Structures are given as structure tokens and as C-alpha cells.
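For reference, the structure discussed in these notes is given below.
Each reported figure results from applying straightforward, stated rules to the coordinates on display, with no laboratory input. No experiment lies behind these values; they were computed from the predicted model shown. Here the Cβ positions follow ideal geometry from the backbone for every residue, glycine too, while neighbour counts run over all protein chains shown.
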Amino acid sequence: HEMVHLMLPNVDRGRQGWVSEGLATYVEAAARLSAGKLHRNAFWLHLNRGLAGATGAAAEGGLDATSGSKQAYWSGALFWLLADIQIRQETGMRRSLVDGLRGIQTAGGCVSEHWDVKNVMSTADRATGVGVLTALHAKMRGAPVRDNVGELLGRLGVRIQGDAVSYDDAAPLAAVRRSMEAAGLQFTSRD
């Protein structure tokens, strides 16, 4: 979690702490999944439990109005999860959030730099070749966070009942889920 903070430029921590904390929350779990340190069932259970609070009353003012630390972490994680899903969809699984993060690194982004959140999003978008992050940020920054996590996971083909997880490979976004589980967020070079 803390290592992820090193790879992202500092943004306004007051109104936009969700950018950094949300990214670290999502990437930590996804990277552990990629490394084989977290079973896929545990990954989806973790996201389901954490994200359940991301769409509550505390997110009524949108991402930039999140105040509590849990809200900033998990509303931000929801943003980055949605971005990863949409990037994979729009690129036919050829790109993911990792490509956007690599683009930020290539442009000199790191914790010692201060960037406007719009620069973070547009830099990542250029690297992925799609405008997902900029559009999603515009949609979620000031509007209530209303995504139903159960419905989102259902579209990915993840069914959770208690601690039991099952998978539906006929779900609309099952191919995206399989891409996420297979490749996850690997930060090693593809070459």
C-alpha cells in the first residue's frame, strides 16, 4: 500500500485524498492477486466488503467531498476499479490501469512531484489510448457515488453469499474479470 504512494504524484490531499489512497487500496489487492499472494476468492471478498461503504451517504457529494478516511480509501478504490474495468473493455483487454500508471511514471510522475488531478488523469489516458480516467473523474468528482457494488460484481460474473464466492462465465463482463484475474496488475515489463 505505502509503496504505491511512491509512484503517484502528490495531489491536493484535502479534497482529493481519494486519488492516492484509493489507488493504493485497489492496487495493493490487485498486485497481491497478480503475485499469487491472494486467492481470487479473497480478492473479490475483500473488494466486496470494502466497497460496500463506498456508495453510502458519505459519498453524496462525490469523490472530492469524501471526508472520512474509510470513505476516501474505498470511494477512491471504486473509482480505480471502475477505471480498470472500462480501460480493459474499451481496449479489448489490450490495456489496463497498469498502462496508465506506467504512463505517469514515464512522464516523471512520482511522490516528489505535485500534479493537478486533471494532469494525472490525462497523462494516464494518453498512455492507455482511451479517455476513461478523465471522463470517469468528471462524472464522479462532484456527483453522488451510487454504483451498486453487488450489481457491478454480478456484471463481472462474481456472486458472493456470505463468505462463498462463485463465478458466472456467461456474465456480461466475465471476460474483463478473467483478464483481471489472469494478468491482474503486473508491473513487470511486457517485453
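Assorted remarks:
- Mean-position separation - Cα centroids, segment 110-138 and segment 158-178, in angstrom: 29
- Volume in Å³ per residue [convex hull over Cα atoms, computed for the chain]: 110
- Computed over neighbours whose Cβ is under 11 Å from that of residue 153, the net charge equals 0, Lys and Arg +1, Asp and Glu -1.
- Segment residue 39..residue 159, full-extension length gain: 41.7 nm, with 0.36 nm per residue of separation and the alpha-carbon distance subtracted.
- Sites residue 119 and residue 151 - FRET efficiency at Förster radius 35 Å, r taken between beta-carbons, to 0.05: 0.65
- Label sites at residue 89 and residue 112, each approximated as a point 7 angstrom past Cα along Cα to Cβ, lie 3.9 nm apart.
- Charging the Cβ of each Asp and Glu at -1 and of each Lys and Arg at +1, and nothing else, the dipole of segment 1-157 about its Cα centre rounds to 360 debye.
- Local electrostatic count at residue 47 - Lys and Arg +1, Asp and Glu -1, tallied over other residues with Cβ under 13 Å: 0
- Label sites at residue 139 and residue 5, each approximated as a point 7 angstrom past Cα along Cα to Cβ, lie 3.0 nm apart.
- Sequence-distant aspartates and glutamates (8 or more away, or on other chains) whose Cα lies within less than 14 Å of residue 37: 28, 181
- Here the relative contact order of the chain, from alpha carbon pairs under 8 Å that lie six or more residues apart, stands at 28 percent.
- Whether segment 86-132 is rounded, prolate or oblate, judged on the alpha carbon gyration tensor where a/c under 1.5 counts as rounded: prolate
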